[in-house]
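Bear in mind that the values in this text are calculations on the coordinates, not laboratory data. In this text, all values refer to a predicted model and were calculated from it rather than measured experimentally. Backbone-built Cβ (ideal geometry, glycine too); neighbour counts: all protein chains shown.
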Amino acid sequence: MIDSQKHIIGLVIYPGMTALDIVGPQQVFSSLPNLQIHRIWKTLDPIKTDDGMMILPDTTFENCPPLDVICVGGGLGQMAVVDDPEVLEFFQKQGRSTKFITSVCGGSEFLAKAGLLQGYRAATHWMMREQLALLGVEVGCERVVIDRNRMTGGGVTAGIDFGLVIAEVLCGEEAAKIAQLLMEYDPAPPFDVGSPEKAGSDLVRKAMLYAMGTLGLEVGSEVKSAV
């Protein structure tokens, strides 16, 4: 049965975010009935993602209504904003009344730094697991981790799985299944290397070197701890 109750979802976007972290869940949500989506940032200026895509916010922190779901993704540029007091204050404010506090990929770091994940179990991108654990969060390796009203997705593409989980919670199993079918979400990847556990240490090391080079960072113990 499809739930007819109206739900308000807030997707927090920011410069340097990974587009698919948010576009994946939004694609799921766009197929659901009685749902309003807000794309939120400090201003309504266009946001440039870490792959060069431009996304237009439609809601500011100041005029954002109370949300049923708040969600944030990760991205190569998140280090520039993840400690921003204005950003963390927004999460803290919404977190006091939001029904579901959620994230995809490295977005869990925002929630943790806003004090919203301590005492909870959460997922994140595999390269962020150590960092999230240092923030006092119990880290899970599943595609989607649910701990009470905290729902978190793993890296990037896990946002689609995450979106379908949220869809079922908000609108019922039938609505979630319809959304999956409309998207023709029937993944059959050509390579079975989508997690560090499957990829093996050599490929993980090369991926880490590539990512750190993209960020302009030195590669340290993270490479060893990722496998």
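Run the quick spin-label model on residue 141 and residue 185: label points 7 Å from Cα toward the beta carbon, then report their separation in nm to one decimal.
Modelled inter-label distance: 2.3 nm.
Can you give the net charge of the other residues whose Cβ lies under 11 Å from the Cβ of residue 98, counting K and R as +1 and D and E as -1? Could the numbers behind the result be given before it?
Details: positive: 93, 96, 99, 150; negative: 68.
Result for the neighbourhood of residue 98: +3.
Which pairs break 27 Å Cα to Cα here: 6/42; 93/177; 99/177? Walk me through the intermediate numbers first.
Numbers: 6/42 25 Å; 93/177 33 Å; 99/177 22 Å.
Where the Cα-Cα span goes over 27 Å, the pairs concerned are 93/177.
Could you grab the relative contact order for the chain? Cα pairs under 8 Å, six or more apart, rounded to a whole percent. Write down the numbers at each step before the final one.
Numbers: 452 pairs, mean separation 44.1, N = 227.
Here the relative contact order equals 19 percent.
For the chain, give the magnitude of the charge dipole about the Cα centre (Cβ charges: +1 Lys/Arg, -1 Asp/Glu; no others), in debye to the nearest 20.
280
Given that compact globular proteins tend to follow 2.2 N^0.38 Å, what is the ratio of the alpha-carbon Rg of the range 7-187 to that value?
Working: Rg = 14.7 Å, N = 181, 2.2 N^0.38 = 15.9 Å.
Cα-based Rg divided by the globular estimate yields 0.93.
Pop the C-beta distance of residue 30 and residue 118 into the FRET formula with R0 = 45 Å and round what comes out to the nearest 0.05.
Working: r = 33 Å, r/R0 = 0.72.
Step by step, r from the Cβ atoms, then E = 0.85.
Please order 61, 91, 110, 191 by the number of other Cβ within 10 Å, starting at the fewest.
Working: 61 18, 91 22, 110 26, 191 8.
The fewest-first ordering by Cβ neighbours comes to 191, 61, 91, 110.
Within a Cβ distance under 14 Å of residue 53, other residues only, what is the Lys/Arg minus Asp/Glu net charge? Before the final figure, lay out the partial values.
Numbers: positive: 39, 48; negative: 21, 50, 51.
My count for the surroundings of residue 53 gives -1.
Using every pair of alpha-carbon atoms in the range 101-174, split the distances into 5 Å bins beginning at 0 and state the percent of pairs per bin, rounded to integers.
Computed distribution, short to long bins: 3, 20, 32, 24, 13, 5, 2, 0.
Gaussian network model of the chain, Cα springs within a sub-10 Å range: biggest mean-square fluctuation belongs to which of 71, 171, 105?
171
Let me check I've understood the local charge: for residue 162, count other residues with C-beta under 13 angstrom from its C-beta, Lys and Arg +1, Asp and Glu -1. What total comes out?
Residues close to residue 162 contribute a combined charge of -2.
Among 31, 108, 201, whose mean-square fluctuation peaks in a Gaussian network model of the chain (Cα, cutoff 10 Å)?
201
For the modelled label position 7 Å from the Cα of residue 192 along Cα-to-Cβ, which residues of the range 131-145 have backbone nitrogen atoms closer than 19 Å?
So the set is 142-143.
Between 128, 151, 183, find the one with the highest GNM mean-square fluctuation for the chain; connect C-alpha pairs within less than 10 Å.
Largest GNM mean-square fluctuation: 183.
In debye to the nearest 20, how big a dipole does the range 5-70 give about its Cα centre with +1 on each Lys and Arg Cβ and -1 on each Asp and Glu Cβ?
Details: 4 positive and 7 negative charges, 28 e Å.
The dipole of the range 5-70 has a size of about 140 debye.
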